[in-house]
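Taking it in order: structure first as structure tokens, then the write-up.
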Amino acid sequence: MSIRQAFAPLVDFAFPARCPSCGEGVMGSDTHWDEGLCGACWGRLQLPGQPSCRNCQIPLASDELTAERICRFCALDAPLHDGIAAATIYGPVSREILLALKHAGRFALAGPMGRFMALRFAAAGLGELVDPLVMPVPLHPTRLWKRGYNQSALLGKAFARQQGWAFTPDALRRIRRTPSLDGLDRKERRDVLSGAIRTRDDATASIAGRDVVLVDDVVTSGATSGACVAALKQAGARRVVIACYARVAPAAEPKPAFIDDDPE
């Protein structure tokens, strides 16, 4: 038994943990996947299932099933990425956890969230990755200074550690701030992000010919992650897959407030 395990009951008694989704108190021995969700919220957490699009993990309705198992969005506009692995489907529970991480400063949540992303990664069926590099979606320097941390970088670090893969937190950089994408369609969002993200010159050599796992907190339209994938493919990446904590289903679009594609 470790020191942490030995003193856990005392710590729980003196400083009872709170569920990051509903705020109810939870005991360490009863928490789920080390994130501190209470039993009720764990039961309401939506996980990706089948059938889903083999490209982007968007859930498919029975009348959307095809032999190719591709959603209408990917059929009309083939993505640059090589697959998305989402730990959860965006819903009331994952929303509160994401808000707590991104806007309430509870960055300690990133560790267990990133580890859960790693545990769920294999379920996406993206195939074997060869010695991949893990890197986060970058923030613009002014946003990073204002927030104090990049939530995607915190998730990526925990994810990479769980997988035993190399983590490169600054291989991508956002060279200009982008305006809010509220009210814009998918093409307009891509146009706004076009050229806004590039690879660092000194990182290109390490990216060329490699598999890359791009980590984001949540994927909605994919405009931001798509700009990252374009930069990585231009730098010579062999495959780029996206790992995110939550995938927003089309029925939830336009984007949930304060979550994805905000001006960074």
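For the stretch 195-217, filtered to residues that are within 22 Å of the chain's Cα centre (by Cα) and acidic (D, E), the residue that is nearest to Y90 (Cα to Cα) is D217. For beta carbons closer than 6 Å, sequence separation of 6+ or different chains, a first residue in the stretch 115-133 that is closer than 21 Å to C53 by Cβ and a second that is assigned to a helix (DSSP H, G or I) and among the hydrophobic types (A, V, I, L, M, F, W, C), the qualifying pairs are M117/F159. Restricting attention to the stretch 205-264 and to residues that are hydroxyl-bearing (S, T, Y) and crowded, with 21+ Cβ neighbours inside 10 Å, the residue that is modelled with the highest pLDDT turns out to be Y245. Of the residues making up the stretch 45-60, those that are polar (S, T, N, Q), touching a residue at least 24 places away in the same chain (Cβ under 8 Å) and either crowded, with 20+ Cβ neighbours inside 10 Å or more than 15 Å from G91 (Cα to Cα) (or both) are N55, Q57. Can you find a residue that is open to solvent by 20 Å² or more (accessible area, probe 1.4 Å) and under 17 Å from R239 (Cβ atoms) anywhere in the stretch 136-158? Checked the stretch 136-158: no residue is open to solvent by 20 Å² or more (accessible area, probe 1.4 Å) and under 17 Å from R239 (Cβ atoms).
The values are calculated or read from the model by the stated rules, or taken from the named source; none is laboratory data. In this text, all values refer to a predicted model and were calculated from it rather than measured experimentally. Cβ coordinates were reconstructed from backbone atoms using ideal geometry, including for glycine residues, and neighbour counts include every protein chain displayed. All accessible areas refer to the heavy atoms of the entire protein, side chains included, with ligands and DNA or RNA removed. Shrake-Rupley method; radii C 1.70, N 1.55, O 1.52, S 1.80 Å.
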